[in-house]
Amino acid sequence: MVKYVEVPVGPQHPALHEPIMLRVRLDGEVVEGVDIVTGYNHRGVEKLGEKNSWVRDIYIFSRICGICNAVHAQTYTQGVEKLMGVEPPLRAKYIRTIVMELERIHSHMLINAVMAEAIGFDTLFMLIMRDRERVMHLKEIVTGQRVHADIHMIGGVKRDLRPETAEKVLRVLDYIEARLRYYKKVFEEDYTIRKRLEGVGKISKQEALKHSLVGPVLRASGVPSDVRVDDPYSAYDELKPNIVVRHEGDSLARMLLRWDEALESVRLIRDAIKNMPKGNPVPKAIKRAAGKGEVFSRVEAPRGELIYHIVSTGGPKPYRVKVRTPSFNNIVNSGFAYIGERLADVPVILTSFDPCISCTERVLVVDEKRGLRKWVPFMALSRGEIRVT
Amino acid sequence: MSPKLKLLREVISNIFSRPATIQYPREPAAVSSEYRGLHYPDLNKCIGCSLCMVDCPANAIKMVKLPPDYKNPKNPRGIYPVVDYGKCVFCYQCVFVCPVKAYITSNKFDMADYATHNSQALSLKTIGRGGKE
Amino acid sequence: MRNKLIRYSPWLVHFNTGACNGCDIEVLAAITPLFDPERMGVKLAPNPRHGDILIVTGAVTKKAGERLKRLYDQMPSPKAVVAVGACAISGGVFAGSYPLVSGADKVIPVDVYVPGCPPRPEAIIDGILKAIKKLEEGGGSD
């Protein structure tokens, strides 16, 4: 007598084009348990960081994740700046903020589009992706690349924001804001979307805190936690972002919260351009050696709290850089949210966590050595005792 | 407004709107001049300091000897960088760090080909142009 | 004969072998309305067994490398492989790291290289068109 039916979802994922595998155990159509298998994307970034110089590491760490690259660069750079005792000019901080907020808008639009695709609403996917191209264009004119900003440099930024570019950004933002409001309305009112998302993958406030979830997932369960407000970095202490909180805790709340955050980002970019101080944000000389010490640096990425722990023993290279990405918490610890749901809802719940597998993977060093066929008891995984599958 | 009327308005506005698609191979792509595309060192300006090689995160830059019939008094070591576009990540750290601004940048992006290329041929073409592009 | 059959609509198989998502979102962007390769009959295949062109993104990790080889073997010939981005071509910034094979062409034969980190969607379409050309001329790998 077979008790469960086991269905593997992935590693070529149904919704996101990223390699993660969910082993779903089913009783009938109801999910009894989920094992999360990762490791397809492990690239040994932390080891590479130890081998390369401070400056090269900016580019290596920003390539941990393509979607939130400027945020990775920001966390690393602000940590290194603290170690070296360099203070970037205020204008550079504003430019970094603008780039990071543009990134947040396009990341939130992307995951909402992917969600539309996951629930079978392909028209909406295409529409959101069409408007997202406008944001990508803004990123291109501000930083020089559609995806990898590569604008951070120790002690400033690599290129200045020209006034005509700033004007263009403001002009396009008007269009984007109107579209964001429209899509938010679609997600609020559309019958199909509500039917697929409302009440699915519900996480209560206590559960979210117990499993140390971060970012929009945590805020959608009613916990106001945002590093931009709690521990302001860059220009956020002057721009004063508002925390968006929702209390429903289901998939729909997580998606709607992302639209609200994108609208808040639009406001932040407008304010940043309006209040931008004058000066030269490009550093004349790059500092290439740091003294002894260690630094703990954190930033609010589009997916939640991103933490870097940088240790230096002096010299041209870091001794150790430890990275903890938001997706690691949100994906590996979220196994409990699938229990009791239907199989068809599994991709929807996974998408609502905004999985960023390339972020997650880098952490699982042990995993490669032990071999991945190891079976982890589900309860242990959901209690967070075993962090590696 | 009733939902049906709203729908009708959407339909009509979409019938008369221009298609969003860029007919790329037939039309030129909308690339801004800011785009970080193909770049190569200008041999008239390069002083062979190797800073770009040191800072390249992808190890895409190799220092190579200048051709024997070309002498540049500003370049005493007689070496110049060659960028391997197969490895290059177009972060423009080399452009940023160059003390003499020797890199010629462009927004050329269509580099897809049946083999990978490097910047050697492009750099050698700059000889004798006296720093003009 | 067989070239006539596949001439008009080659389907894509997209495989992420450990990319940073940058190339993936650009491949995703390349199939959306602004660039729309369905003009050329190009669309994403639901299954590797339906595909004609394999798009490889990402620095090939050892774990994903095995699966890349298996995926490639499952595709019917003639087929072409497009390596998108510096990572898929040579490993990019990750070249030489311990879990990597560094480069898709060490695992499977690659026909078209698209440099960039990540390349623009237009450059990816350019690469796909070059792969189609190679398939039509009877090239590509069997």
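The values are calculated or read from the model by the stated rules, or taken from the named source; none is laboratory data. Remember, predicted model here, so these are calculated numbers, not experimental data. Cβ atoms come from the backbone with ideal geometry, glycine included; neighbour counts cover every protein chain shown. In case anyone asks, the SASA skips ligands and DNA or RNA and just uses the protein heavy atoms, side chains included. Shrake-Rupley method; radii C 1.70, N 1.55, O 1.52, S 1.80 Å.
Count, please, the residues in region A:183-213 that happen to be touching a helix residue (DSSP H, G or I) at 6+ places or on another chain (Cβ under 6 Å), surrounded by 15 or more Cβ atoms within 10 Å (Cβ to Cβ) and assigned to a loop (DSSP other than H, G, I, E, B).
Qualifying residue count for the region: 5.
For region A:274-316, give me each residue that is within 14 Å of chain B (Cβ to nearest Cβ), out of contact with any Phe, Trp or Tyr (no Cβ under 7 Å at 6 or more places or on another chain), among the charged types (D, E, K, R) and in contact (Cβ under 8 Å) with a residue 12 or more places away in the chain.
A:K287
Return the total of residues in region C:8-39 being away from chain A (no Cβ under 12 Å), part of a loop (DSSP other than H, G, I, E, B) and open to solvent by less than 20 Å² (accessible area, probe 1.4 Å).
So the first thing to find is which residues in region C:8-39 are away from chain A (no Cβ under 12 Å), and the list is C:8-11, C:37, C:39.
Narrowing further to those that are part of a loop (DSSP other than H, G, I, E, B): C:8-10.
Next, only the ones that are open to solvent by less than 20 Å² (accessible area, probe 1.4 Å) stay: C:10.
Here the count works out to 1.
Among the residues of region C:40-59, is there at least one that is open to solvent by less than 10 Å² (accessible area, probe 1.4 Å), among the small types (G, A, S) and either within 14 Å of chain B (Cβ to nearest Cβ) or under 28 Å from A:F61 (Cα atoms) (or both)?
There is at least one residue in region C:40-59 that is open to solvent by less than 10 Å² (accessible area, probe 1.4 Å), among the small types (G, A, S) and either within 14 Å of chain B (Cβ to nearest Cβ) or under 28 Å from A:F61 (Cα atoms) (or both).
Considering only region B:1-117, give the helices (runs of 4 or more DSSP H) lying wholly within it that have at least 1 residues that are at the interface with another protein chain (Cβ under 8 Å from one of its Cβ atoms) and surrounded by 15 or more Cβ atoms within 10 Å (Cβ to Cβ).
Details: elements: B:3-15, B:51-55, B:93-97.
Where helices (runs of 4 or more DSSP H) fall fully within region B:1-117 and carry at least 1 residues being at the interface with another protein chain (Cβ under 8 Å from one of its Cβ atoms) and surrounded by 15 or more Cβ atoms within 10 Å (Cβ to Cβ), they are B:51-55, B:93-97.
Quick test of your reading of the structure: B:P99 fulfils all but one of (1) within 12 Å of the chain's Cα centre (by Cα); (2) modelled with pLDDT of 90 or more. Name the failing condition by number.
Status for B:P99: all satisfied but (1).
When you go through C:L135, C:L71 one by one, which is the residue that is open to solvent by less than 10 Å² (accessible area, probe 1.4 Å) and either part of a loop (DSSP other than H, G, I, E, B) or in contact (Cβ under 8 Å) with a residue 24 or more places away in the chain (or both)? Write out each step before concluding.
Numbers: C:L71 fails: open to solvent by less than 10 Å² (accessible area, probe 1.4 Å).
Among C:L135, C:L71, only C:L135 is open to solvent by less than 10 Å² (accessible area, probe 1.4 Å) and either part of a loop (DSSP other than H, G, I, E, B) or in contact (Cβ under 8 Å) with a residue 24 or more places away in the chain (or both).
Residues of region B:84-122 being touching a strand residue (DSSP E or B) at 6+ places or on another chain (Cβ under 6 Å) and small (G, A, S), which ones?
If the condition is that a residue be touching a strand residue (DSSP E or B) at 6+ places or on another chain (Cβ under 6 Å) and small (G, A, S), then B:A102, B:A112, B:S119 are the ones that fit.
Count, please, the residues in region C:104-115 that happen to be crowded, with 24+ Cβ neighbours inside 10 Å and modelled with pLDDT under 90.
Of the residues in that region, 1 qualify.
What tally of residues in region C:86-121 results from selecting those that are closer than 19 Å to A:C65 by Cβ and more than 9 Å from every other protein chain (Cβ to nearest Cβ)?
Qualifying residue count for the region: 1.
Which of the residues spanning region A:283-328 are in a strand (DSSP E or B), open to solvent by less than 20 Å² (accessible area, probe 1.4 Å) and of a type in the set (A, V, I, L, M, F, W, C)?
Once the filter is applied, which keeps residues that are in a strand (DSSP E or B), open to solvent by less than 20 Å² (accessible area, probe 1.4 Å) and of a type in the set (A, V, I, L, M, F, W, C), region A:283-328 yields A:A290, A:V295, A:V299, A:A301, A:L306, A:I310, A:V321, A:V323.
Of the conditions (1) within 24 Å of A:V172 (Cβ to Cβ); (2) at pLDDT 90 or above; (3) not in a helix (DSSP H, G or I), A:P232 satisfies every one except a single condition; which number is it?
Result: A:P232 fails condition (1) only.
Filter region B:118-133 down to residues that are of a type in the set (D, E) and within 14 Å of chain C (Cβ to nearest Cβ), then give me how many there are.
Summing the residues that are of a type in the set (D, E) and within 14 Å of chain C (Cβ to nearest Cβ) in region B:118-133 gives 0.
Can you find even one residue in region A:163-182 that is assigned to a loop (DSSP other than H, G, I, E, B) and assigned by TED's automatic domain parsing to the domain that holds A:K284?
Taking every residue of region A:163-182 in turn, none turns out to be assigned to a loop (DSSP other than H, G, I, E, B) and assigned by TED's automatic domain parsing to the domain that holds A:K284.
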